Every structure is written in structure tokens, then in C-alpha cells.
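Notes for the one structure printed next.
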Ligand code: NI
């Protein structure tokens, strides 16, 4: 009877997709600049973010993962796994770094919040899938008032 109950619970839970979110933080420098534009053009488009000697932000990163709940653990994915993955693949390359110069996965890309969100998705997607889950959203908050969300 115990076995029967377990099967029944699994079937009920199969259609239920849960979203879980892990927040990480990083502080980093960057500059938005297009080399073949004049200084005036760069400042007109990028404003303070074009400051030649860099500037920094305290970023908040929110990664939301979705999937069915494992009937044994009750987890979508282990949040320790998600936290370790983000530290290994993302945060160590961004925190206290210059995104334009130091971050391998941002090489030859504009260090905009949009591009950072997409690059973070690409850094972690295969490992999330290997756990039977999917990324729902990568949200990167650059300032109190500005954030980007990428849904794949
Ligand atoms: Ni900026």
C-alpha cells in the first residue's frame, strides 16, 4: 500500500512546476564605450557609464530555476548546488573585477546589463538541465531603479 501511495503522489506532482530563486551579489567595474565613436557620441548614448576611467555597481543577480519537485527531497534543485554553480561559473569572474577586461565570458561584448544577463544564462544552462530543471529567468539588477530580466 505504501508503494501505491508513493506512485499516486508522484503522478499528482508531475504536472506541478515550481520556481525557485537564488540571489547572489557582485561588485564590479565597467565602461560602456564604442571605440569607433567620438567621445561626444559615446557620452550622448551612454552618459556616466562612458566615464573613461571606469565606474562600478553593486549588482544583484537573481537566478530562477523551474522544474518538478523531486518526491524524495522535496526540492526542484538543491539550493546549495545552485549557489555553488553560480559561484564557480559566474560570481568568481565578476566580483571585484573589471567586466570589460577581466571577465572571460564577457570578452568582446558590451558590458551592458542586458549582455551580462544573457552571458550568465549561457554559463549555467547545461548544468541546470543536467539536474532535470530549466532556467526560468536571469535577472540582473544594476541599480535600485534599473534591472534586466532574460527569459531565454
Ligand atoms: Ni554602469
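Here, each number is a calculation from the coordinates, and none is a lab measurement. Just so it is clear, the structure is predicted and the values come from calculations on it, not from any experiment. Every residue, glycine as well, gets a Cβ built from its backbone with ideal geometry; the counts of neighbours run over all protein chains shown.
Data for the structure
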read-out: Estimated distance in nm for a label pair at residue 54 and residue 92, the labels positioned 7 Å out from Cα along Cα-to-Cβ; value: 2.0 nm
read-out: Nearest 10 degrees, 0 to 90: helix 2-14 Cα axis against the chain principal axis; value: 30 degrees
read-out: Stretch gain in nm, segment residue 145-residue 78, where the contour uses 0.36 nm per residue and the Cα spacing is subtracted; value: 21.0 nm
read-out: The chain, relative contact order [Cα under 8 Å, separation at least 6], %; value: 27 percent
read-out: For the chain, calculated [θ]222 nm from helices alone, where every DSSP H run of n ≥ 4 adds -39500 (n - 2.57); value: -9500 deg cm²/dmol
read-out: Angle between the chain longest axis and helix 113-129 axis [Cα atoms, degrees, rounded to 10]; value: 30 degrees
read-out: R0 of 35 Å, Cβ-Cβ distance residue 16-residue 114: FRET efficiency to nearest 0.05; value: 0.65
read-out: The chain: Cα Rg divided by the 2.2 N^0.38 Å rule of thumb; value: 1.31
read-out: Difference of contour (0.36 nm per residue) and Cα-Cα distance, residue 34 to residue 125; value: 29.8 nm
read-out: Proxy reagent accessibility, fewest Cβ within 10 Å first, across 85, 32, 94; value: 32, 85, 94
read-out: Candidates 50, 133, 29, ranked by Gaussian network fluctuation over the chain, Cα under 10 Å, top entry; value: 50
